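Worksheet: the structure to be examined is printed underneath.
The values are calculated or read from the model by the stated rules, or taken from the named source; none is laboratory data. It should be emphasised that the depicted structure is a prediction, and the values quoted were computed from it without experimental measurement. Note that we place each Cβ from the backbone using ideal geometry, even for glycine, and neighbour counts take in every protein chain shown.
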Amino acid sequence: MEETLEDFMEQEETKDSDEPSLSPYNSPFRSTRLHIQRSNVCSRAYFVVVMVFFHVYILNVIALLLYVHYNNGPGDLGSRDGAAVASVGESRGPLPPPAPGPRDLPVEDHSPSFSLPRIEGIRVGHVQRVSLVPDRTHEMKTLSLKPLLFEIPGFLSEEECRVVVQLAQLKGLMESQAPAPSHGQEESNQPLLSLSTEEVFSLLDLNQDGLLQKQEIISHSHSRDGTWLSPHNLRQILTGLEDCPTGMLNLENFRRVYDVSQRPGKQQNGMVRNQFKQRSKHTWLYQGLGSHHVLHALRNRVISLTHLPSALVELSEPLQVIRYEHGDFSNAHYDSSHSHSESTCTHTRLAGNSSAPGEVSCRYLTVLFYLTSIKEGGETTFPVADNRTYDEQALVQDGVDLTDTQETCDRGNLRLKPTAGTALLWYNHLSDGRGWMGELDEYSLHGDCPARHGVKWVANSWVNVDPDQQVQARYQRLVAQRHQAKSGMEEHYQPLSHSDLHQDL
Ligand SMILES: O=C(O)CCC(=O)C(=O)O
Ligand SMILES: [Fe+2]
């Protein structure tokens, strides 16, 4: 039977009245005593309630801490003394199973709410500590915010640099893009494709209004895909356009100007201008299962550094290794492309719009490894890094073309000297504001200055992302299906060759 508080109080009062009073002031104190008794009972109940609340509170705090811990995942950047620390270790064996948490984008699951991780730059000069390999941390310094660019010294050991260079040599290197004439050799000054002047005019005339505006000419010049228009051609055409009273070129004017731009231009020092945008040799190294452990380890390190889902990094292009001999260079360019509805990304074209006429590189970020140090020249230049505004026209005004690294390397805003083992990481795209890849970051324009003393070796690790999240998801599903079909068919597991998916590489 349950005893109510009132019953209890009544009993207490009865007990009190039976007891002889010890005090002469019995009656005046009676009510006070009763009050004390009531208050004792209340205190006990109050204590129980407080304790219950206290425990619930403690449990809530513990639950909250566990939630925060597991949601950040062991590899996420966490703050320590103002420094962010990534703690995913490196494995030399096969890829460890991906850790659970939102970092991972399982091949089957592509919820539209998934966000692409992006490292915070904080401010130029800010240093964060990152854990990429067991037993040591690396420092990652913010070099610019536009583009978001970081430097990580010692990303590779000397031995690792040597191994990558040797693997590239064993594989064999090919000319990059177009064979460039060596110094002193007569340059052909022909576009890579043999196009008539009318065809060039039509290609440049983006809005097809029969007139060339300055903007139309400039917008053709800075993409790797449009390598046929050299800085020299560009400057000549722009000079012709500026001389034209209307500030525009019709086909007739253009014919005259283009003819002039096609003639070999002699520089003041008597050296012929090199119209090619790039001169170097390169090769591709597969980094998946079965590849050399150093290549495999490097890819895992990129996953740790970028916090991107391993599936995304694993399905990206292989490592590109480039060798620059004396005088080799690459003009300023973007590693990725503006997204257009008419073009599909090269890496997802299996899953993309097959009727799209164009195909472009879609590279969310670049991790560039310096494999050798170079005494003179060979710097990577970001001509407009952290400019207050980006003005394409300013790049080619007053006879100065900042995209022409052979001529104007020393004028760029940011120049980085190759040091063996150092890695640079930059984002080629902005965020779309919803956690996915947005517009091309025009400040990511970069090139490399001619190597002056010594041979320069670098490697590019590009992470491919389709600006259309659904297409990226479809692509990854498709790859997973092919992969399953393949492993079902074969007795022994054969890793899906990257060239199955990237026939152009
Ligand atoms: O070699 C460098 O410094 C830059 C290389 C580069 O930008 C590229 O290969 O896309
Ligand atoms: Fe590049």
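Descriptive notes on the structure:
- Restricting attention to segment 349-387, the residues that are β-branched (V, I, T) and away from ligand 2 (no atom under 14 Å from the Cβ) add up to 4.
- If you go through segment 446-487 and keep only what is of a type in the set (F, W, Y) and either within 14 Å of ligand 1 (Cβ to nearest atom) or touching a Phe, Trp or Tyr at 6+ places or on another chain (Cβ under 8 Å) (or both), you end up with W457, W462.
- The single condition among (1) away from ligand 1 (no atom under 16 Å from the Cβ); (2) at pLDDT below 85; (3) under 19 Å from N428 (Cβ atoms) that H307 does not meet is (2).
- Qualifying residue in segment 419-433 (condition: within 16 Å of ligand 2 (Cβ to nearest atom), in the same structural domain as S310 (by TED's automatic domain parsing), assigned to a helix (DSSP H, G or I) and touching a residue at least 12 places away in the same chain (Cβ under 8 Å)): no
- Subset tally (residues that are buried (at least 21 other Cβ atoms within 10 Å of the Cβ) and more than 16 Å from ligand 2 (Cβ to nearest atom)) for segment 337-348: 4
- Segment 139-160, residues that are over 16 Å from D386 (Cα atoms) and either in a loop (DSSP other than H, G, I, E, B) or more than 22 Å from the chain's Cα centre (by Cα) (or both): P153, G154, F155, L156, S157, E158, E159, E160
- Single unsatisfied condition, G184 versus (1) at pLDDT below 80; (2) loosely packed, with under 12 Cβ neighbours inside 10 Å; (3) in contact with a His (Cβ under 9 Å, 6 or more places away or on another chain): (3)
- Residues of segment 222-272 that turn out to be assigned to a loop (DSSP other than H, G, I, E, B), modelled with pLDDT of 65 or more and of a type outside the set (S, T, N, Q), as a count: 4
- Selection count, segment 309-336, where residues are assigned to a loop (DSSP other than H, G, I, E, B), more than 12 Å from ligand 2 (Cβ to nearest atom) and farther than 15 Å from Y475 by Cβ: 5
- Extreme residue, farthest from ligand 1 (Cβ to nearest atom), among residues of segment 286-304 that are in a loop (DSSP other than H, G, I, E, B) and either small (G, A, S) or surrounded by 23 or more Cβ atoms within 10 Å (Cβ to Cβ) (or both): G290
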